[in-house]
Amino acid sequence: MEMIKTQGLTRKFKEFQALSGIDVLIEEGDVYGFIGPNGAGKTTTIRVLATLLEPSSGAAFIDGINVVEEPYEIKKRVGFMPDSFGVYEGMRLREYLDFFGAAYKIPLKKRRAIIDDVLTLTDLAGKADLFVSAFSRGMKQRCCLAKTLIHDPKVLLLDEPASGLDPRARAEFKELIKTLQEMGKTILISSHILSELGDMCNKIGIISDGKMLAQGEYREILHQIRKARDLRLEVIEGADLAEKALEEDPAIEDFTRSGDEFHIQTNMGAIEISGLLTRLVESGVKVLFLEEIKGSLEDVFMHVTNGDYGN
């Protein structure tokens, strides 16, 4: 089921074209990595989806509802976490969440139980009576996410959510995203730091200069751009024998050797790779491991943008 969709979405700010005909398609339950350098158009797209900006032309839909025509229905279905957010001086965390729960017209008795649930989910239950303004950057991010979840939205729009977090906080945030996906949420996460998204997203969209360059299943896009499989072989004994076997194998397109390690390029399938391992062992090579080198979001982005990543 389509949960987020844009068609020919454009947005101009006076003479500046921020978006140029963006088409986005995200299905229910997807975690979609919205990737691009700063200024690419990620935040503008998200703000249109969150009903904070109207498009200059084109259309955007959440759960089949037009974001311009029915903004209040969209607000019920969407939780928006901006890239920067303010906190209220002198307000404790529970009060902060209660304020937003009231804004969503959640009844008081029900609101208390919901606040307890989101505090537990975001691992902030022990901080409920502390002042929000005194929180660390990581805790403020979790606090904002708790606020974003207070009305149990179907769709989460997270704009640069891990920006500025330390490594531990980023790891915790990734685990939280996995939990939210398991709960059935559809999640759009924007970032210009590709390493943040590789382990979280099943789909990606790459945007640059207001144009969508590629989108789809992460692994499918990666497979399309890589012409051969990359393998890494390390042996304990018999490196010369391994080199000879690789030179004689017609399925090996290329390889390089560094001591007892080999970097191999081949179009072999999984069964053929298993056969290669068998032949190496039978020829007297003592193999420590033979593994495929998985690609990364950096590989995809650099290929799609011809290496022009920007800042």
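Of note:
- Number of the condition not met by Leu156 [criteria: (1) more than 20 Å from Val78 (Cβ to Cβ); (2) open to solvent by less than 10 Å² (accessible area, probe 1.4 Å); (3) outside any helix (DSSP H, G or I)]: (1)
- Within the range 181-190, one or more residues are hydroxyl-bearing (Ser, Thr, Tyr), open to solvent by less than 70 Å² (accessible area, probe 1.4 Å) and touching a strand residue (DSSP E or B) at 6+ places or on another chain (Cβ under 7 Å).
- Hits in the range 160-189 - residues which are of a type in the set (Gly, Ala, Ser) and modelled with pLDDT of 90 or more: Gly184
- Qualifying residue in the range 210-230 (condition: over 30 Å from Thr43 (Cβ atoms), of a type outside the set (Asp, Glu), in contact with a strand residue (DSSP E or B) (Cβ under 6 Å, 6 or more places away or on another chain) and surrounded by 13 or more Cβ atoms within 10 Å (Cβ to Cβ)): yes
- Residue count for the range 159-180 satisfying the condition of being open to solvent by less than 10 Å² (accessible area, probe 1.4 Å) and either touching a Phe, Trp or Tyr at 6+ places or on another chain (Cβ under 8 Å) or within 20 Å of Leu194 (Cβ to Cβ) (or both): 4.
- Subset tally (residues that are in contact (Cβ under 8 Å) with a residue 40 or more places away in the chain and open to solvent by 60 Å² or more (accessible area, probe 1.4 Å)) for the range 6-26: 5
- Whichever residue in the range 27-69 is open to solvent by 30 Å² or more (accessible area, probe 1.4 Å) and assigned to a helix (DSSP H, G or I) and, among such residues, is nearest to Glu2 (Cα to Cα): Arg47
- Of Asp83, Asp129, all but one fail to be among the acidic types (Asp, Glu), under 22 Å from the mean Cα position of the chain (by Cα) and not in a helix (DSSP H, G or I); the exception is Asp83.
- The set of residues from the range 101-111 being free of Cβ contacts under 8 Å to residues at least 12 places away in the same chain and surrounded by 11 or more Cβ atoms within 10 Å (Cβ to Cβ) comprises Ala102, Ala103.
- Checking the range 122-134 against the condition returns a match, with at least one residue being open to solvent by less than 10 Å² (accessible area, probe 1.4 Å) and either more than 23 Å from Val78 (Cβ to Cβ) or not aliphatic (A, V, I, L, M) (or both).
- Checked against the criterion of being at pLDDT 95 or above and surrounded by 13 or more Cβ atoms within 10 Å (Cβ to Cβ), the candidates Glu253, Glu234, Glu272 yield just one match: Glu234.
The values are calculated or read from the model by the stated rules, or taken from the named source; none is laboratory data. Bear in mind the structure is a predicted one, so any value in this text is a computation, not a measurement. Note that each Cβ is placed from the backbone with ideal geometry, even for glycine, and that neighbours are counted across all protein chains shown. Areas reflect the complete protein model, heavy atoms only, side chains present, ligands, DNA and RNA absent. Shrake-Rupley method; radii C 1.70, N 1.55, O 1.52, S 1.80 Å.
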